[in-house]
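Okay, so here's the structure we're looking at.
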Amino acid sequence: MGDVWPMVHAERRALIEDLQGLETGDWTRPSLCEGWDVQDVAAHLVDSALTTRLGFVVAMARARFDFGRQNADGVQRYRGTSPRQTLDRLRAVATRTTTPPAPLDSRLVEEVVHGEDIRRPLGLARAYPEEAVVRALRLQASTPASFGGAKEVLARVRLVATDADLSVGTGPEVCGPAVSLLLVACGRRVAVDDLSGPGLPAFASEA
């Protein structure tokens, strides 16, 4: 699974390139992550890239095992005093290969989904590599909801990508672009309108 890192690094570089072109006001635009603006998401990606297995355990203990609080602490720690400083911090961790105690493909979920959390509100688009999105979605399909995944709902619906070789789950079909299926599997309702099929109501209700 070590082949994940070239894909992760490619996504980081692509996002950095997009962020370099932002106007100052764009950094305060609300992202798809509730309560976070674009700069907050970038700071979270810095925190995520720097997090080690042991560091994650220590950070969770400091946050009293509140995952939301642990994330918020990381944003506060790495959000710069200016967008340029936050971007410089993101650039500095672009080739890191550290990870919290999670499957390595979770790094693809992190980069692709948070990339869309930033890009969609800004009207930016990226043609994500098919393998990166498919692997991210397959991981979400096997991860319980208690860990941020969609395993339970995919026992009731089947996701079929219209732009990739992917079919996962059991039940009525939900069809659409792979990245949109991934976003809804990660709770981003903004992508529901990209999807169709008899299983959509059940799938969307979980977002």
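So the values come out like this:
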item: Surrounding net charge for D165, when Lys and Arg each add one and Asp and Glu each subtract one, Cβ distance under 14 Å; result: -1
item: Kirkwood Rh in Å, taken over region 151-206 so that all alpha-carbon pairs contribute; result: 10.6
item: For the chain: relative contact order, % (alpha-carbon pairs under 8 angstrom, 6 or more apart); result: 17
item: Positive minus negative residues near D47 (Lys, Arg vs Asp, Glu; Cβ under 14 Å); result: +4
item: Sequence-separation-based contact order of region 130-204, relative, with Cα cut under 8 Å and 6+ spacing, percent; result: 26
item: Fraction of alpha-carbon pairs over 30 Å apart in the chain - percent; result: 19
item: Euclidean distance between Cα centres, region 98-164 to region 189-207, Å; result: 15
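Read the figures in this text as sums done on the coordinates, not as results from a lab. This is a predicted model, so every value here is computed, not measured. Counting neighbours? That spans all protein chains shown, and the Cβs are built from the backbone with ideal geometry, glycine included.
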